[in-house]
1. Which one of the conditions (1) at pLDDT below 95; (2) among the aliphatic types (A, V, I, L, M); (3) not in a loop (DSSP other than H, G, I, E, B) does residue 67 fail to meet, given that it meets all the rest?
2. Residue 7 - would you say it is of a type in the set (A, V, I, L, M, F, W, C), open to solvent by 70 Å² or more (accessible area, probe 1.4 Å) and assigned to a helix (DSSP H, G or I)?
3. Using the structure shown, decide if residue 12 is touching a residue at least 12 places away in the same chain (Cβ under 8 Å), open to solvent by 60 Å² or more (accessible area, probe 1.4 Å) and not acidic (Asp, Glu).
4. For residues that are on the phi > 0 side of the Ramachandran plot and surrounded by 11 or more Cβ atoms within 10 Å (Cβ to Cβ), tally how many sit in segment 29-48.
5. For segment 15-28, which positions are open to solvent by less than 80 Å² (accessible area, probe 1.4 Å), of a type outside the set (A, V, I, L, M, F, W, C) and under 20 Å from residue 69 (Cβ atoms)?
6. Tell me which residues, restricted to segment 24-69, are among the small types (Gly, Ala, Ser) and either closer than 20 Å to residue 4 by Cα or over 15 Å from the mean Cα position of the chain (by Cα) (or both).
7. Which pairs do you get when a residue that is under 21 Å from residue 12 (Cα atoms), found in segment 34-60, comes within reach of a residue that is of a type in the set (Ser, Thr, Tyr), reach meaning Cβ atoms under 6 angstrom, with the pair 6+ apart or on two chains?
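The values are calculated or read from the model by the stated rules, or taken from the named source; none is laboratory data. Note that the structure is predicted; figures quoted are calculated from it, not measured. Using ideal geometry, Cβ is built from the backbone for each residue, glycine included, and neighbour counts are taken over all protein chains shown. Calculation scope for accessible area: heavy atoms of the full protein, side chains included, ligands and nucleic acids excluded. Shrake-Rupley method; radii C 1.70, N 1.55, O 1.52, S 1.80 Å.
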Amino acid sequence: FAIINKIKKYTFAIYVIHWYLIDIITVIFKLKTISIFYRLGMPIIIIPLCIFVAYILRKIPFIKYIVPE
């Protein structure tokens, strides 16, 4: 339950940021969105990446007021 308590403050940020990161990663790596590996593997990559991006954005003085908590 400790990991859930740490992640719960990032859930809205994940919700807001994830679609942009999916689009960026899909275009950069030219991934096929119908692939089973894409469908099952992308959440494993996107969720930690969203948490990292939200964490970094919250450290920037002006942007921390824009990024949801």
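1. (3)
2. no
3. yes
4. Number satisfying all stated conditions: 0.
5. 18
6. Of everything in segment 24-69, those that are among the small types (Gly, Ala, Ser) and either closer than 20 Å to residue 4 by Cα or over 15 Å from the mean Cα position of the chain (by Cα) (or both) turn out to be 35, 54.
7. 51/10; 54/10
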